[in-house]
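Participant: Here's a structure for you.
The values are calculated or read from the model by the stated rules, or taken from the named source; none is laboratory data. Source: prediction; values computed, not measured. Neighbour counts run over all protein chains shown; Cβ positions are idealised from the backbone, glycine included. Areas reflect the complete protein model, heavy atoms only, side chains present, ligands, DNA and RNA absent. Shrake-Rupley method; radii C 1.70, N 1.55, O 1.52, S 1.80 Å.
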Amino acid sequence: MSAASPSTPATLALERAGVPFTPHVYEHHESATNFGEEAAAALGLREEQVFKTLVVSVDGDLAVAIVPVADRLDLKAIAAALGGKKASLADPTLAERRTGYVVGGISPVGQKTRIRTVLDASASDHPTIFVSGGRRGFDIELSPADLARVTEASTAPIARS
């Protein structure tokens, strides 16, 4: 871990909102494609406590799903949680454009455009969880309640093993 914490739209949004968080920097390897699993391993964490941010399309509208890296997103569950019929993963280029972040570094916090967000119910099993801080190799640790509040997220069981 580096002593210096990067300043990202996510950290700035948390600071503005007065939300306490702990930055965690780790070395990102360019060959890594499972970014959440890489973060969990690099930070010595259980995968159930590290959450990935996925941008989805629900009936044509973008939404954000936050689920543990150990699990998969249940597309039917996210659609139902948002009152929709059908969900699919969003086009990565569109996700980057709407959030202002690059794939593998999409934070649920401080996105360029506010997108409806659903946090998996399992987050409440942990006093703190880890999500992307807005760049590859940088996670932020915060309470699930604070994350839900700052992102205006609803909570639902949207992950499956």
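Participant: When the residues of the range 119-149 are narrowed to those that are open to solvent by 30 Å² or more (accessible area, probe 1.4 Å) and among the aliphatic types (A, V, I, L, M), which ends up farthest from residue 17 (Cα to Cα)?
Facilitator: Checked the range 119-149; the qualifying residue farthest from residue 17 (Cα to Cα) is 121.
Participant: Enumerate the pairs (first residue in the range 123-139 and more than 13 Å from residue 67 (Cβ to Cβ) and in a strand (DSSP E or B); second residue anywhere and open to solvent by 20 Å² or more (accessible area, probe 1.4 Å) and among the β-branched types (Val, Ile, Thr)) with beta-carbon separation below 6 Å, excluding pairs fewer than 6 apart on the same chain, so at least 6 apart or on different chains.
Facilitator: So the pair list comes out as 138/25.
Participant: Output the residues belonging to the range 100-131 that are among the small types (Gly, Ala, Ser) and at pLDDT 95 or above.
Facilitator: Result: 100, 107, 110, 121, 122, 123, 124.
Participant: Let me ask something else about it. Hey, can you tell me all the residues within the range 34-82 that are crowded, with 20+ Cβ neighbours inside 10 Å, of a type in the set (Gly, Ala, Ser) and either assigned to a loop (DSSP other than H, G, I, E, B) or without any contact (Cβ under 8 Å) to a residue 24 or more places away in the chain (or both)?
Facilitator: 79
Participant: State which residue pairs qualify: first residue under 14 Å from residue 8 (Cβ atoms) and inside the range 19-30, second residue of a type in the set (Val, Ile, Thr) and part of a strand (DSSP E or B) in any location, beta carbons under 9 Å apart, and separation of 6 or more residues or different chains.
Facilitator: 21/140; 23/140; 24/140
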